[in-house]
Amino acid sequence: MRGSLTGTAITLAAGALLTAAMSTASASTATTSAPKVASPAPVLVDCQWQRDVRPTDFILACGDGNSRLSGLQWKQWGADGATATGVNMVNDCKPYCAAGHFRYYQVSVRLDRPQAWKKDPAVQHFTRMSLTYTDARPDGFQRVMTYPLWD
């Protein structure tokens with residue numbers, strides 16, 4: 001009787017090991033054949049080195065805040081670029097910036113040239129912004145203004 005219990009225990013243990021080995025093999029096959037997850041879309045880095053996706057507002061003049069984007073409505077945000085419409089609020093600095101008035105200009109915004117972010121190389125960030133003024137524009141500005149974005 002003792003021999004038959006030992007044989008049964010060995011058979012059960014062998015069966016459990018075989019089941020575990022087959023489960024591991026099928027799991028590793030499933031893991032290697034699973035589709036790769038696409039990396040997240042690039043981010044927009046702001047003046048305080050914070051990353052954002054589809055921000056409503058964005059400061060362009062970090063030093064004094066005299067130019068900013070407001071009311072951004074993003075149409076597209078992807079690996080190659082992002083587009084939005086909104087308002088560029090620009091201080092006319094007349095007679096000087098502290099006494100100036102903010103003027104509002106309708107713009108189309110384009111972000112592009114994503115690259116690895118120095119702060120976190122695993123994150124892609126947009127490195128260029130283009131503003132297209134759809135109507136009036138600030139004195140001295142071209143219809144399309146292109147700015148490098150900080151890293």
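Subtracting the Cα-Cα distance from 0.36 nm times the residue separation, let me have the gained length for Arg103 to Thr134 in nm, one decimal. Intermediate values should be presented prior to the final figure.
Values: separation 31, 0.36 × 31 = 11.16 nm, distance 1.45 nm.
9.7 nm is the gain from fully extending Arg103 to Thr134.
Please list, in order along the range 109-116, the HN-Hα scalar couplings obtained from phi with the Karplus expression 6.51 cos²θ - 1.76 cosθ + 1.60 (θ = phi - 60°), rounded to whole Hz, x for Gly and Pro.
For the range 109-116, the Karplus curve yields 10, 10, 10, 7, 6, x, 9, 5 Hz.
Mean projection of the alpha-carbon convex hull of the range 44-148 over all orientations, in nm²? It would help to have the intermediate numbers written out before the result.
On the way: hull surface 26.7 nm².
The directionally averaged projection comes out at 6.7 nm².
Looking at the range 77-151, which chymotrypsin sites (Phe, Trp or Tyr not before Pro) are DSSP coil and have at most 15 other C-beta atoms within 10 Å of their C-beta? Display every interim value, and only then the final one.
Numbers: sites: Trp77, Tyr96, Phe102, Tyr104, Tyr105, Trp117, Phe126, Tyr133, Phe141, Trp150; in loops: Tyr96, Trp117, Phe141, Trp150.
Counting only loop positions with at most 15 other Cβ atoms within 10 Å, the chymotrypsin sites (Phe, Trp or Tyr not before Pro) in the range 77-151 are Tyr96, Phe141, Trp150.
For the range 48-151, state which trypsin sites (Lys or Arg not before Pro) are in a DSSP loop and have at most 13 other beta carbons lying within 10 Å of their beta carbon. Before the final figure, lay out the partial values.
Values: sites: Arg51, Arg68, Lys75, Arg103, Arg110, Lys118, Lys119, Arg128, Arg143; in loops: Lys118, Lys119, Arg143.
Those that pass, being in a loop and sparsely packed, are Lys118, Lys119, Arg143.
Coordinate-derived values only; no laboratory data. Fair warning: this is a prediction, and the values are worked out from it, not measured in the lab. In this analysis, Cβ positions are derived from the backbone assuming ideal geometry, glycine residues included, and neighbour counts consider all displayed protein chains.
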